[in-house]
Each structure stands twice: as C-alpha cells, then as structure tokens.
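Remarks on the structure that follows.
Any read-out appearing in this document is the output of simple, stated calculations on the displayed coordinates, not a laboratory observation. These figures come from a predicted structure and were not determined experimentally. So basically every Cβ, Gly included, is an ideal-geometry build from the backbone, and we count neighbours across all protein chains shown.
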Amino acid sequence: MNKFSFLIPLIVMMVFASSCSDESTTLPDPPVRELSINEEEIANSANNFTFDLMTRIESENPDENYFISSFSISTVLSMLMNGANEPVQEEFIETLGLSGMSPEAINESYLSLVKYIYGLDPSVTLNVANSNWYSHNFTIQDEFANILQTYYEAEIFARDFGKSATLGDLNKWVENETNGKIKNILDAIKPDNVMFLINAIYFKANWTNQFDPDKTTDLPFLLKNNQSIDVPTMVSEVKHWRSYDSNLNAQIIEIPYGNENYAFTIIMPDEVSEIDDIVSRIDVTSLNNVLADSSTFVNDLYLPKFQLDFKADLKELLVSMGMPLRGLDNLFVETTPLEIDEVIHQSFLEVNEEGSEAAAATVVGIAPTSLPPSTWINQPFVFLIRERNSGTILFSGKLLDPS
C-alpha cells in the first residue's frame, strides 16, 4: 500500500515545525536541511491557509471547540487541482495561497517536502495516505491518475457506486489509515457521485518529557464567560519553551515531542475575552520570529487533559475562500461537466500524560452538473396509487421503515 508521511498542522495552534532546540538533549539530532524556495513557499502557504480556515470556522462556530488538519484539506485540493482545466487550476492555486507557482512546481514540492520530513523523527508515528475512488461507469484520465500516483502516492480504485459494499470499503480504508480513529466518514454514496478524492492523516507521539499520571488532578479552567470550571489537569516538571507576542498580547508555550522537531504550540491571550479574534490577527512571519526567540524552561507545567472530535462539510466555507466548484474537465475521459458536491472533514485528538494522538480525513465528492438532479427517496413518506386523469385515489399509505 502506497503512503507517505508529512508534517501537518495537527492542532489549532501547531506550527509547521518547532524552531527551538536545546543542545543538552540526549536524543538524536534530526537530519535538518534548508528548504528549497518552493518547499518554503508550500510550508508558509499551508500555515497561512491554516489560520484563514480557522478564522472562517470560528465565524460560524464562535462558541464551540474545533480541531482540523488544514494540511489534509489543502492536500485534497492540490490533488483535485490537477483534474481542473487551466483557468480553474489558477483558482485552486489562489485558494491555497500559492499564486505564482505552477501546478507542476506544487506537485514536485509537496513530494520533495514529504520525503524530507519523513525521516525527521523516527519516534513519531506520522502517516498521510491518499486515494481516489471513481465510478466504474467512467474512465479516469491517465494523466490525472499518473500525477496522483507519482506525486501523492495515491491508491486508485474503480468501484460500482451502486453497491453498498463500496461505501463500506471506502469508510474502512479511511478507518485503517487513521488507526481506527476516523470511522464512517461518509454516511452514504449519493446517486450522483462519480468520484471521491480522499486524504487521511494519523499522528502519534510521546512528549519529550512525559507528565506524571499520579500528579494529574482537577484544577480550575477559566471559560470565555469568565466562569471557572474544574477539569483534569496534568502537571509535571517538563521541558518547554515560552515566549511572548506583544502584537497578539499572548503567551506562546511550546511542548516538544520526541527529538524536539515536533511541538504542541499553545497561543494563550492575556485576556480571555480576546480569544475570539486572536486567530484572525496571527501573522505567520511574526509568529515564527517570536518562536525563534523563545526561552527554555524546565519547571512545572500545567496542561488540561482533553479529547476532541470534529466533523463538518466545509464546502461552502472553502467556496468563500475562493475554491472553484466547476471546471473539473480533466478527471475523466468522458466529457460530462462535473462539480464539487461536498467536502467532508472529520478529525480526532487526544492529549494525555504520554503525549498526543491525532487523526483526520478529508473527502471531496464529485458529481455531474449537466444532468437533472437525481430524485432520492431516502426518508419516510406518504404515498398514493391513483388514476391521473380523474384524480381518483385507489390506494394510499405511509412508509416509515422500508426494512
């Protein structure tokens, strides 16, 4: 099974890579090298895409927890870009924040960055898998398939979308690639669906210095409304980094994983009331500069122990960011006009004394646009049997459960 590993923005405030190091560590140094210009462009755009996406999610869900892998989403859009016609490709590129780069440069840079990051920390389990599922009634374009396999190491499946087993196989693929953390990402394959592009991500890493489970205790946590609740809180003397961003009026705390090349990065504003707009004010360049100047501490650190689950259709949100819906002319040999039907994103995160486990998956569904919409009777209904000319009703009934 072809798959690759990639560094991803795993939590709300995870940055592309830890910029801090400490010479006293006894762990092997990661094989760090300078990024190429295109690789750096990909990395920076992924981070900017992260905060833009977060800002829009917050505007729709201001009082809810959420957890996303924006890299999973941008990876799927990058794959789909290769199936669009040339003008529409530019719209995908602009949405991803990569204006000025060609599709070929984007594909090549993703692949080279993947290969580089794969070996940064052997103690971290980090996997990204891609796949393409398409209706066996269509013929996938050879060039599109080759790009997915060459640069995204995607598996490609031609399946009968009318069989229930296909939905089970697709969901099982996602579940397997996320170590069982993302289940049943699709509720159904719609009658109009002709293709799904999927990205699945799984991450598991131990803290460089783990928390002592015996010290975990209930401690106060201040809510946005200034009320306080008691939550399970981990506490131990662990190595971490602290800095302060005067533009954000926020503390920045980084807790390292493994050989310290990955980190859990927290941005905590001075005033709890500022949490609503802090994401929209984050500037990736200045944030990186602040992180580079952080100080090392080895003392008691208090961190809530928590778990998050999130699932949403992000289609309309991504459209508001510039994602095109149509112009997908290079997916199939057939000339049926197509459009993006849905963008389902599902994620999981657990933070505990040992470290963090996270998973996410993104599914983009493609459907025809030129055909009349299918009529799908998929909920309880009242029915009649009647003679149409006279309007005489011969039979009537109500169906609640077809089984």
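Identify the residue in segment 232-256 that is of a type in the set (S, T, Y) and buried (at least 18 other Cβ atoms within 10 Å of the Cβ) and, among all such residues, is nearest to D218 (Cα to Cα). Break it down stepwise before answering.
Taking segment 232-256 and keeping what is of a type in the set (S, T, Y), we get 233, 236, 243-244, 246.
Restricting the remaining residues to those that are buried (at least 18 other Cβ atoms within 10 Å of the Cβ) gives 233, 236, 243.
Values: T233: 6, S236: 14, S243: 27 Å.
For segment 232-256, the residue satisfying everything is T233.
Which condition does K163 not pass, out of (1) touching a Pro at 6+ places or on another chain (Cβ under 7 Å); (2) of a type in the set (D, E, K, R); (3) farther than 23 Å from L314 by Cβ, if it passes all the others?
Looking at each condition in turn, K163 falls short on (1).
So, in segment 140-164, how many residues would count as being in contact with a strand residue (DSSP E or B) (Cβ under 9 Å, 6 or more places away or on another chain) and outside any strand (DSSP E or B)? Before the answer, list the steps.
So the first thing to find is which residues in segment 140-164 are in contact with a strand residue (DSSP E or B) (Cβ under 9 Å, 6 or more places away or on another chain), and the list is 140-141, 144-145, 148-149, 152-162.
With the extra rule that they be outside any strand (DSSP E or B), the set shrinks to 141, 144-145, 148-149, 152-154, 160-162.
Qualifying residue count, segment 140-164: 11.
One line per residue, one yes/no per condition, for (1) in a helix (DSSP H, G or I); (2) in contact (Cβ under 8 Å) with a residue 40 or more places away in the chain; (3) under 30 Å from P31 (Cα atoms):
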position: D63; (1), (2), (3): no, yes, no
position: I73; (1), (2), (3): yes, yes, yes
position: A84; (1), (2), (3): no, yes, no
position: P87; (1), (2), (3): yes, yes, no
position: F92; (1), (2), (3): yes, yes, no
position: N107; (1), (2), (3): yes, yes, yes
position: V114; (1), (2), (3): yes, yes, yes
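Are any residues in segment 177-204 within 19 Å of the chain's Cα centre (by Cα) and basic (K, R), and if so, which ones?
Within segment 177-204, K181, K183, K204 meet the criteria.
Condition first: touching a helix residue (DSSP H, G or I) at 6+ places or on another chain (Cβ under 7 Å) and among the β-branched types (V, I, T). Now tell me which residues in segment 277-298 satisfy that. Quick ask: steps written out before the conclusion?
First, the residues of segment 277-298 that are touching a helix residue (DSSP H, G or I) at 6+ places or on another chain (Cβ under 7 Å): 279-280, 282, 284.
Scanning segment 277-298 gives V279, I282, V284.
Just checking, does segment 221-242 include any residue being in contact (Cβ under 8 Å) with a residue 60 or more places away in the chain, in contact with a strand residue (DSSP E or B) (Cβ under 7 Å, 6 or more places away or on another chain) and assigned to a loop (DSSP other than H, G, I, E, B)?
Within segment 221-242, none of the residues are in contact (Cβ under 8 Å) with a residue 60 or more places away in the chain, in contact with a strand residue (DSSP E or B) (Cβ under 7 Å, 6 or more places away or on another chain) and assigned to a loop (DSSP other than H, G, I, E, B).
Do we find a residue being surrounded by 20 or more Cβ atoms within 10 Å (Cβ to Cβ) and not aliphatic (A, V, I, L, M) anywhere in segment 210-219? Steps first, please.
Going through segment 210-219, the residues surrounded by 20 or more Cβ atoms within 10 Å (Cβ to Cβ) turn out to be 211.
Pick out the ones that are also not aliphatic (A, V, I, L, M) and you get 211.
Yes: one or more hits.
Residue by residue through segment 138-178, note down the ones that are surrounded by 18 or more Cβ atoms within 10 Å (Cβ to Cβ) and in contact with a helix residue (DSSP H, G or I) (Cβ under 7 Å, 6 or more places away or on another chain).
Answer for segment 138-178, where residues must be surrounded by 18 or more Cβ atoms within 10 Å (Cβ to Cβ) and in contact with a helix residue (DSSP H, G or I) (Cβ under 7 Å, 6 or more places away or on another chain): I147, L148, Y151, Y152, A154.
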